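The values are calculated or read from the model by the stated rules, or taken from the named source; none is laboratory data. Just so it is clear, the structure is predicted and the values come from calculations on it, not from any experiment. Backbone-built Cβ (ideal geometry, glycine too); neighbour counts: all protein chains shown.
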Amino acid sequence: MASKELKVFTREEVAKHDEDGDLWIIIDGKVYDISRFKNLHPGGASVLLDAEVAGKDATEAFYGLHRHEVIEKPQYKRLQIGVIEGEKSVIHSQIVGELSKVPYAEPTWLSAGYHSPYYSDNHRQFQKAVRKFIDEVVTPDARAREEDGKPPSASVIEAMAKLNLHAMRMGPGKHLKGLELMGGIVKPEQMIITQEFARAGCRGYGDGLMAGSVIGLPPVLNFGSDEIKAKVVPDVLSGKKPICLAISEAFAGSDVAGLRTTAVKTPDGKHWIINGTKKWITNGTFAHYFTVGCKTEDGFTVILVERGEGVETKSIKTSYSPTAGTAFITFDNVKVPVENTLGPEGGGIFVMLSNFNHERWVMICSSARSQRLIVEECLKWTTQRKAFGKPLHSQAVIRSKLAAMISRAEAVQSWLENITYQMNNMSYKEQAKYLAGPIGLLKMTSTKFAQETATDAVQIFGGRGITRTGMGQFIEHYHRTVPFDAILGGAEDVLGDLGVRQAIRQMPKDARL
Ligand code: HEM
């Protein structure tokens with residue numbers, strides 16, 4: 001359909017259309033005929049007939065109450081009948097794939113005028129490609145699935161598989177050999193992928209997007225037999241058969257020794273028989289493979305289970321969306337070949353611990369990036385929202401909250417970049433020795449900061465910060481879902497304690513005041 005031709009009006013002409021039945025307004029240099037829309041307006045008709053609005057420039061009033069995306073929706077966009085003579089509209093949506101120009105909305109390595117010791121132009125090129133993909137393919141699906149609670153669409157999972165994004169999210173390793181990454185852009189950085197995904201601002205969907213594989217597949221990659229890897233890895237990385245990590249139970253979480261799911265060998269020694277339950281298992285409702293922590297004769301053993309007889313999964317209603325597929329799982333006499341054992345029998349603690357650093361680091365990447373998104377939302381809101389006749393940010397108390405939020409986001413990002421650099425330059429063994437503690441401390445810090453930022457943001461947005469639609473929708477979502485980062489992958493206190501205990505173990509014997 002050809003787009004309607006827009007006419008050119010003067011402000012004086014618009015001012016003549018200021019009454020019920022003949023009602024125009026100006027928003028950002030564009031003229032809208034809202035004569036008929038007035039009675040359908042979700043905010044009511046009377047506000048549009050107000051003497052300050054009818055026939056006038058309503059830009060400030062509009063942006064104090066609506067997100068820009070409202071006026072971009074086709075059903076409202078078509079209300080535009082013209083433009084104002086000699087004026088250009090200045091407000092536009094974020095351009096797909098582009099960086100934000102709002103201060104602190106991007107980490108310094110992506111901000112104009114800044115330098116970074118860690119990132120090259122290749123990283124920037126890769127980041128741009130990932131962002132474009134997220135903006136075009138992931139974000140629209142994320143918003144829709146957050147609404148209907150269904151798992152991420154198969155088309156998104158397939159599109160990610162085509163670019164080998166699932167494989168890249170596992171970090172560097174043999175599994176990337178021979179794959180064409182992101183359409184041929186080399187040297188991918190997992191931190192870039194994870195941080196770009198967090199920008200979609202849909203926490204449950206983010207986990208639904210195969211987060212289970214990011215934590216459930218590494219034990220297979222690192223400890224599975226060649227036969228198991230040959231079967232499972234392509235299934236998972238193609239997105240066709242997701243995997244999840246099933247450790248936590250109703251009985252125990254951080255206390256791995258308290259887990260009760262058992263695996264007992266059959267008399268011929270060829271199979272495990274698994275019985276027990278698992279709780280809060282991300283992606284469990286739609287996973288095909290399960291990396292399961294079991295109590296065995298020798299202690300704790302990790303075993304790969306395939307969905308089949310005796311495996312049942314039920315959705316758990318958490319405070320984020322069912323998109324994540326959070327499950328309660330029952331294993332009822334599930335028979336599994338002993339070849340599915342991941343790592344040594346009785347050596348499951350080591351398998352789990354070696355996985356934790358990577359899992360926590362991924363979560364910090366996402367936590368650091370989502371805090372920044374909240375900073376951006378708050379900077380925009382406090383600029384466009386007027387209170388007592390002035391922008392909100394002219395209040396010192398508001399600026400003080402913004403100062404704290406910005407500082408937290410920047411501090412976490414800088415520490416994270418340092419840790420990431422260390423990870424890239426240390427062996428697996430060195431990482432366990434030097435980084436388990438710092439990663440624990442950083443995750444604790446990041447999620448504490450994130451929760452403080454969420455609380456501050458709600459205060460800044462007021463009622464809108466606790467409303468699921470409209471201006472504060474990202475703040476409401478963030479405030480509701482931010483505790484997930486503080487619990488998943490290790491609770492804050494446990495992680496802080498881990499960091500300090502590691503430091504105490506490394507205290508030199510001759511250290512004295
Ligand atoms: C073409 C112009 C406009 C369109 C398409 C429009 C559309 C909407 C929509 C879709 C909502 C529901 C909430 C949301 O999605 O954000 C809303 C709410 C509202 N609108 Fe408008 N609107 C327009 C102009 C205005 C103007 C000029 C005012 C001036 C006062 C206004 C005042 C309100 C109010 C007070 C609410 C309720 C806000 C809330 O509950 O926080 N609208 N509008």
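Numerical summary
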| read-out | value |
| --- | --- |
| Check on A167, modelled with pLDDT of 90 or more and either over 17 Å from the mean Cα position of the chain (by Cα) or not in a helix (DSSP H, G or I) (or both) | yes |
| Subset of the stretch 383-415 (residues that are β-branched (V, I, T) and in contact with a Ser or Thr (Cβ under 9 Å, 6 or more places away or on another chain)) | I398, V412 |
| Residue match in the stretch 494-505 (condition: surrounded by fewer than 19 Cβ atoms within 10 Å (Cβ to Cβ), out of contact with any helix residue (DSSP H, G or I) (no Cβ under 7 Å at 6 or more places or on another chain) and under 26 Å from L65 (Cβ atoms)) | no |
| Filter result for A144 (small (G, A, S), within 23 Å of I374 (Cα to Cα) and surrounded by 21 or more Cβ atoms within 10 Å (Cβ to Cβ)) | no |
| Those residues of the stretch 420-431 which are part of a helix (DSSP H, G or I) and either modelled with pLDDT of 95 or more or farther than 27 Å from P483 by Cβ (or both), in sequence order | Y421, Q422, N424, N425, Y428, K429, E430, Q431 |
| Lone qualifier among H17, H41 - being within 15 Å of the ligand (Cβ to nearest atom), under 38 Å from the mean Cα position of the chain (by Cα) and either among the aromatic types (F, W, Y) or surrounded by 12 or more Cβ atoms within 10 Å (Cβ to Cβ) (or both) | H41 |
| Residue match in the stretch 81-92 (condition: hydroxyl-bearing (S, T, Y), assigned to a loop (DSSP other than H, G, I, E, B) and not assigned by the TED database to the domain that holds W381) | yes |
| Test: residue in the stretch 234-252 that is surrounded by fewer than 18 Cβ atoms within 10 Å (Cβ to Cβ), at pLDDT 95 or above and assigned to a strand (DSSP E or B) | no |
| Given (1) outside any helix (DSSP H, G or I); (2) under 30 Å from P483 (Cα atoms), number of the condition G206 does not satisfy | (1) |
| Number of the condition not met by G224 [criteria: (1) closer than 25 Å to R203 by Cα; (2) more than 28 Å from the chain's Cα centre (by Cα)] | (1) |
| Members of the stretch 421-438 found to be without any contact (Cβ under 8 Å) to a residue 24 or more places away in the chain and over 25 Å from the mean Cα position of the chain (by Cα), listed by number | N425, M426, S427, K429, E430, K433, Y434 |
| Any strands (runs of 3 or more DSSP E) falling wholly within the stretch 272-334 and containing at least 3 residues that are closer than 22 Å to R203 by Cα and of a type outside the set (D, E) | 311-315 |
| Of residues in the stretch 58-70 being within 6 Å of the ligand (Cβ to nearest atom) and in a helix (DSSP H, G or I), the one nearest to R143 (Cα to Cα) | V70 |
| Flag for G55 being of a type in the set (G, A, S), over 30 Å from V130 (Cα atoms) and either near the ligand (Cβ under 10 Å from one of its atoms) or assigned to a strand (DSSP E or B) (or both) | no |
| Answer residue from the stretch 209-233, given it is at pLDDT 95 or above and part of a loop (DSSP other than H, G, I, E, B) and is nearest to L342 (Cα to Cα) among those | G224 |
| Subset tally (residues that are farther than 17 Å from K4 by Cβ and touching a residue at least 24 places away in the same chain (Cβ under 8 Å)) for the stretch 52-77 | 16 |
| Failed item, numbered, when A105 is tested on (1) at pLDDT 95 or above; (2) within 16 Å of the ligand (Cβ to nearest atom) | (2) |
| Subset of the stretch 78-87 (residues that are within 14 Å of V14 (Cβ to Cβ) and either more than 7 Å from the ligand (Cβ to nearest atom) or without any contact (Cβ under 8 Å) to a residue 12 or more places away in the chain (or both)) | Q80, I81, G82, V83, I84, E85, G86, E87 |
| Residue match in the stretch 108-116 (condition: surrounded by 17 or more Cβ atoms within 10 Å (Cβ to Cβ), in contact with a helix residue (DSSP H, G or I) (Cβ under 6 Å, 6 or more places away or on another chain), among the aromatic types (F, W, Y) and outside any helix (DSSP H, G or I)) | no |
| Count - residues of the stretch 20-38 that are assigned to a helix (DSSP H, G or I) and more than 9 Å from the ligand (Cβ to nearest atom) | 1 |
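Listed here are the residues, each with its yes/no results for (1) surrounded by fewer than 18 Cβ atoms within 10 Å (Cβ to Cβ); (2) within 23 Å of A324 (Cβ to Cβ); (3) within 16 Å of the ligand (Cβ to nearest atom); (4) at pLDDT 95 or above.
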site	(1), (2), (3), (4)
K433	yes, no, no, no
K443	no, yes, no, yes
S446	no, yes, no, yes
Q459	yes, no, no, yes
R464	no, no, yes, yes
H477	no, yes, yes, yes
I487	yes, yes, no, no
